[in-house]
């Protein structure tokens, strides 16, 4: 059996299009995304900062860096999870996000929790 990693955070993201906040005729498409972080390692770790790379369908890239997430720098013990919801506005009806969280283990080890690329897409509307 493989030994569990000491420093490991699993990240899962779910997205939703927000038609009530979007104005497609003004090139404004708003999405929410809910992120679940699970400490699947064996050492408690704190989320210090985030780095997002947001790309719209025209290839325009925005980079966002900042401390914590939604005003928090959660400390996750092994087996604990933290979930939050945030939002993003794009000029196109489809785009992607990816990035990483900068973490510090209680043993002082700094590491990154990768956020795999995910797609935000306006659902097709039938008339």
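When restricted to residues that are modelled with pLDDT of 95 or more, in a loop (DSSP other than H, G, I, E, B) and loosely packed, with under 11 Cβ neighbours inside 10 Å, the range 63-76 contains 0. Within the range 97-112, the set of residues being crowded, with 16+ Cβ neighbours inside 10 Å and either modelled with pLDDT under 95 or within 13 Å of residue 15 (Cα to Cα) (or both) comprises 97 only. Filtered by the rule that a residue be part of a strand (DSSP E or B) and either within 11 Å of the chain's Cα centre (by Cα) or surrounded by fewer than 12 Cβ atoms within 10 Å (Cβ to Cβ) (or both), the range 113-127 gives 113, 114, 115, 116, 117, 118, 119.
Just one residue in the set 22, 26 is over 19 Å from the mean Cα position of the chain (by Cα), surrounded by 14 or more Cβ atoms within 10 Å (Cβ to Cβ) and farther than 17 Å from residue 113 by Cβ; that residue is 22.
Scan the range 44-62 and tell me whether some residue there is in contact (Cβ under 8 Å) with a residue 40 or more places away in the chain and either in a loop (DSSP other than H, G, I, E, B) or at positive phi (or both). Taking every residue of the range 44-62 in turn, at least one turns out to be in contact (Cβ under 8 Å) with a residue 40 or more places away in the chain and either in a loop (DSSP other than H, G, I, E, B) or at positive phi (or both).
The values are calculated or read from the model by the stated rules, or taken from the named source; none is laboratory data. Remember, it's a predicted structure, so these values are computed and weren't measured experimentally. Glycine also receives a Cβ, built like all others from the backbone with ideal geometry; neighbour counts cover every protein chain displayed.
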